[in-house]
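The values are calculated or read from the model by the stated rules, or taken from the named source; none is laboratory data. This structure is a prediction, so every number in the text was calculated from the model and none was measured. Every residue, glycine as well, gets a Cβ built from its backbone with ideal geometry; the counts of neighbours run over all protein chains shown.
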Amino acid sequence: MVVEEGLEYGPAKRRALKQLALPARTALPDNEELEDAVREYIAVFCADTQPTELAALRELALTWMQRLADFRPYLAGAVWHGTATRLSDIYIQLFCDDPKSAEIALIEHNVDYEPRTVTGFTGGSVEALSLSSLCQPLNETIGVHLMVYDHDDLRGALRPDAKGRKPRGDLAAVHKLLSTPSGV
């Protein structure tokens, strides 16, 4: 479901419970285990297409990060971690001095977006500005979600995850990923 339908981990787990008719409190794999399974699936079934799709998504993410450079953008999610396919959305985290400034910038540039509130990486509520953007190499419209954080949240955002990896990357890190042959 994650690879073939572009579902995020949480919704995929909930749908799996429903499809298997399991109780809601059934123990499920954590996100790290799920990511490992997604990587295995991609290696077996998508090895011929996924690297090109991932590179195209990272290029599109880089375009939006450059447009929003004033708001300290960091790429996160499947596009950052290398498990994205053409069905994956792009998640960019912005760390702003003024949380409304990113939204104002979109308005000034006539970008259509949908504001909503979601749970952020800190566990609290954050504003998400969701838009659609054409990814020409894939000939697909991709969801781009801009998560707006306070500048002070950046301090805790750069701690390595349980596998010792950076959970997100800035413009320079995304440039580096795109210039690395393996893209990992």
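Of everything in the stretch 2-37 that is small (Gly, Ala, Ser) and within 29 Å of LYS166 (Cα to Cα), the residue that is farthest from the chain's Cα centre (by Cα) is ALA27. Is one or more of the residues making up the stretch 67-81 in contact (Cβ under 8 Å) with a residue 60 or more places away in the chain and farther than 21 Å from LYS166 by Cβ? No, the stretch 67-81 contains no residue that is in contact (Cβ under 8 Å) with a residue 60 or more places away in the chain and farther than 21 Å from LYS166 by Cβ. Looking only at the stretch 154-184, count every residue that is touching a residue at least 12 places away in the same chain (Cβ under 8 Å) and among the polar types (S, T, N, Q) and tell me the total. Residues meeting the conditions: 0. In the stretch 1-19, the residues that are over 17 Å from LEU87 (Cα atoms) form Cβ pairs under 8 Å with partners that are assigned to a helix (DSSP H, G or I), at six or more places apart or across chains, as follows: LYS13/LEU34. Of all the numbered requirements in (1) at pLDDT 95 or above; (2) touching an Asp or Glu at 6+ places or on another chain (Cβ under 7 Å), ALA56 misses one, and that requirement is (2). In the stretch 130-184, which residues are hydrophobic (A, V, I, L, M, F, W, C) and farther than 15 Å from LEU94 by Cβ? LEU134, CYS135, LEU138, ILE142, ALA162, ALA172, ALA173, LEU177, LEU178, VAL184 - these are the residues of the stretch 130-184 that are hydrophobic (A, V, I, L, M, F, W, C) and farther than 15 Å from LEU94 by Cβ. Of all the listed residues (GLU59, GLU40, GLU33), the sole one being out of contact with any helix residue (DSSP H, G or I) (no Cβ under 6 Å at 6 or more places or on another chain) and in contact (Cβ under 8 Å) with a residue 12 or more places away in the chain is GLU59. Suppose we keep only residues that are without any contact (Cβ under 8 Å) to a residue 40 or more places away in the chain and among the β-branched types (Val, Ile, Thr) within the stretch 107-153. Which one would you say is nearest to ARG67 (Cα to Cα)? Ranking the qualifying residues of the stretch 107-153, first place goes to VAL111.
If the condition is being among the basic types (Lys, Arg) and assigned to a helix (DSSP H, G or I), then the stretch 9-63 contributes LYS13, ARG14, ARG15, LYS18, ARG39, ARG58.
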